[in-house]
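Asker: The structure follows.
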Amino acid sequence: MKNTLKFALVGALLAVAAPVASAADCYAVSKSVAKEIAAKPKHVLTIVSEQIAANEACACEIVKAAIVVTEADKTLVAQIVEQAIEAAPKKVSLITTCALAVAPDAHAEVMEVSAKYAKGAGEGYSAKGGHSAKGSDYSSKGGGNGDGNGGNPPSTPAAQFGPLDFIGGDSTGNFSPFSVFLPSQGGQSSVADPYSQP
Amino acid sequence: MKLIKYTAVASLLTGVASAQGLFDVNSNETEGESSPLKYTAGVAFGYDDNVSPTSAAAESDSTYVRGNVGASLVVRGAQTSWDISAGVGVTNYLDDIEGGDDTTYNANLALNINHRLNDRTRLVSRNFFNYGLDLGNFYGPITSRQVDEYVYFSTDNAIGYRWTDRLATYTGVAFSTLNYDDGSQSDVDSYSVYNQFRYTLSDQTVLTATGRYTYSDYSTGDSDRTTASVGFEHRLSESSTVAFQVGGQFGDNTSAYANLSYTAQINNQLKIRTFARYSQEDTDTVFIDPATGVADRYEDKTTLRIGAAADYTLSPQITLTAGGSYITSDYSDATTLEEGTYDLYSVYLGATYKINEALSVTGSANFTDSRSGVIPNRDYNRRRYEVGVNYAF
């Protein structure tokens, strides 16, 4: 009985994987970028620019890799973001969000760069921001870019904030911080906890 | 038959995911960004000084070898966001275990979906399946490691509607089941319906008011309760949030209810998360009465869970994690079992050294102190030490 379950779950796992192998490209690109930057840290801006120009769909992963590998200070984070946006001007919000994810300390610097390029970038998310009558929630006119990155997220969580958005789960408001896995019995929902098996 | 049912559910969830073109899996639903499909494989070697602590047998210590494989994917899109993670593992204890198996298996599958039907309407679905001896001291429905493997499955599906710019509701149904391999009388199915009103006070704050009705079906009876709570979700800064709910639970028993969550990315290196909850719970309420040898159920179990964890990135290669939790449960209203309290303290220390983008080495220590003078087989200590190698690709 246990064996049946074991093999069925392995099968299920493989079923997830099979049709989507190609999507791992950005992971491979980010690894390659990290290796290249680690070898030539002084050329990080050039590498970012060239790699994003060649792999625009992987802009997020490239920016994050560059910041992490160089252990960038706030100034360098802003420079990386600027270089990335110049290479992929339509991905201002995505690049901004990804940079902030790994370098929240550089929020002011990143947002300054982002604001400079945000106007006229033509991204899916409205720049109306805040809690305006039409801008408080997702706009169906914007949306996914079809490149596998799942669309351009907002430049800041507050930019598209509405009552349907949760605060405290993931930064884009998809899930509540409170348990949905274990709504009536157990604790928190995150599986990635330190209290793991065995 | 039940095995087939749960296996089918797991396969179905996976199938749905594939049909939607999922290409990315990640076990951490707190991810705010897309993350490509990642596979992991790992082996670990460890020592456990009390392998089967809740069995009536004498303590057994053992070294063990564990292997696991997994996959994770996160897709955060403008219209649809979802994430999925799956993993299977096997642990082999190298010494004979009193009151337990020498080999244990575990598997889990998590799938979360948030789909925006239009400007005003959203569908949110969260699903979780686990098979094994324990989900984890703190987060699982069962606080202690069990003697037999069990299946835990939970699904929660809600539709959200924005009535005005500031007011929205989430209305949902939830189901969870706990089912032991040995046909234990601890099995329980729970059904819930709920509605949450959400009012946007500002760009940083949402007020909430929630009503939930839960019906739980045990092999030995049933119970129901209504939970009413009010609270808020608040963004303290760009990188820290707090959410709180307080209320009451009414039904077969009446008690207070509270839920608190706080997370903060302090800086590039340090992230902390805390959680507290006071609530009636339906699981882990059936025990064999040592005096009679007959299973008996506590009809009232109220639990306080407090936990905190911190991740510190020492360098791009080294991440340290530390966490601790305290869980205390008051048990009452059993037929023959004596009323009592059960306290569980846990401390976790861990470190990960990233050799390169794919390969990492981990080490961890886990200490558990379980205290109860009344609840059978819950007075024990347990220490686990483990080193492992993980490969991600």
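The values are calculated or read from the model by the stated rules, or taken from the named source; none is laboratory data. Computed from a prediction, not measured in an experiment: that's the story for all the values here. In this analysis, Cβ positions are derived from the backbone assuming ideal geometry, glycine residues included, and neighbour counts consider all displayed protein chains. Calculation scope for accessible area: heavy atoms of the full protein, side chains included, ligands and nucleic acids excluded. Shrake-Rupley method; radii C 1.70, N 1.55, O 1.52, S 1.80 Å.
Asker: Among DSSP beta bridges lying fully in chain B, give the percent that are antiparallel, nearest 5.
Answerer: That works out to approximately 100 percent antiparallel.
Asker: Counting only heavy atoms of the protein chains, get the accessible area per residue of chain B (1.4 Å probe) and round it to a whole Å² value.
Answerer: 39
Asker: Enumerate the aspartates and glutamates that A:LYS42 could reach by cross-link, defined here as Cα to Cα under 18 Å, with residues fewer than 8 away along the same chain left out.
Answerer: Here the aspartates and glutamates satisfying the reach criterion relative to A:LYS42 are A:GLU50, A:GLU71, A:ASP73, A:GLU82.
Asker: While we're on this one: For region B:378-383, just list the computed ³J(HN,Hα) in residue order, Karplus coefficients 6.51, -1.76 and 1.60, θ = phi - 60°, integers in Hz, with x standing in for Gly and Pro.
Answerer: My calculation for region B:378-383 gives 10, 10, 7, 10, 8, 10 Hz in order.
Asker: When chain B is treated as a GNM, springs tying every alpha-carbon pair under 10 Å, which of B:ASN130, B:ASN253, B:ASN268 comes out with the largest mean-square fluctuation?
Answerer: B:ASN268
Asker: Let me ask something else about it. Where in region A:63-77 does the label zone of A:LYS42 land, with the point 7 angstrom along Cα→C-beta and an amide N cut-off under 17 Å?
Answerer: Flagged as within label range: A:70.
Asker: If you place +1 on the Cβ of every Lys and Arg, -1 on the Cβ of every Asp and Glu, and leave all else neutral, what size is the dipole of region B:184-282 about its Cα centre, to the nearest 20 Debye?
Answerer: Roughly 580 debye, rounded to the nearest 20.
Asker: For chain B, what is the relative contact order in percent, using Cα pairs closer than 8 Å and at least 6 residues apart in sequence?
Answerer: 11
Asker: Quick one: net charge of B:TYR385's neighbours, Cβ under 12 Å, K/R +1, D/E -1?
Answerer: Around B:TYR385, the charge tally is -1.
Asker: Hey, what number do you get for chain B at 222 nm if only DSSP H runs of n ≥ 4 count, each worth -39500 (n - 2.57), divided across all residues, to the nearest 500?
Answerer: After summing the helix terms and dividing by residue count, I get -1500 deg cm²/dmol.
Asker: Please report the net charge: other residues with Cβ closer than 12 Å to the Cβ of B:SER261, K and R +1, D and E -1.
Answerer: Overall, the nearby charge balance is +2.
Asker: Any idea how far the Cα center of region B:271-326 sits from the one of region B:368-389, in Å?
Answerer: That distance is 12 Å.
Asker: Now, a different point. Find out how many positive minus negative residues lie around B:THR208, taking Lys and Arg as positive, Asp and Glu as negative, among other residues whose Cβ is under 10 Å from that of B:THR208.
Answerer: That works out to 0.
Asker: Follow-up question, since we're still on this one. What nm distance separates the two modelled labels at B:LEU201 and B:THR341, each placed 7 Å from Cα along Cα→Cβ?
Answerer: My value for the distance between the label points is 3.3 nm.
Asker: Right, next: Under a point spin-label approximation (7 Å from Cα along Cα-to-Cβ), what is the B:GLU59-B:ALA209 distance to one decimal in nm?
Answerer: 5.3
Asker: Here's another thing I want to ask about it. Given the Cα-Cα distance of B:SER219 and B:ASN356 and 0.36 nm per residue of separation, how much length would full extension add, in nm?
Answerer: That pair, B:SER219 and B:ASN356, stretches by 44.2 nm at full extension.
Asker: Enumerate the residues in region B:72-110 having an amide nitrogen under 17 Å from the point lying 7 Å beyond the Cα of B:ALA41 toward its Cβ.
Answerer: What the label zone holds, given the 17 Å backbone N cut-off, is B:72, B:86-91.
Asker: Measuring from label point to label point, each 7 Å out along Cα→Cβ, what is the B:ASN118 to B:ASP49 span in nm?
Answerer: Those two pseudo-labels are separated by 6.3 nm.
Asker: Quick one: buried accessible area between A and B, total over both chains, 1.4 angstrom probe, nearest 100 Å²?
Answerer: Approximately 9400 Å² gets buried when A meets B.
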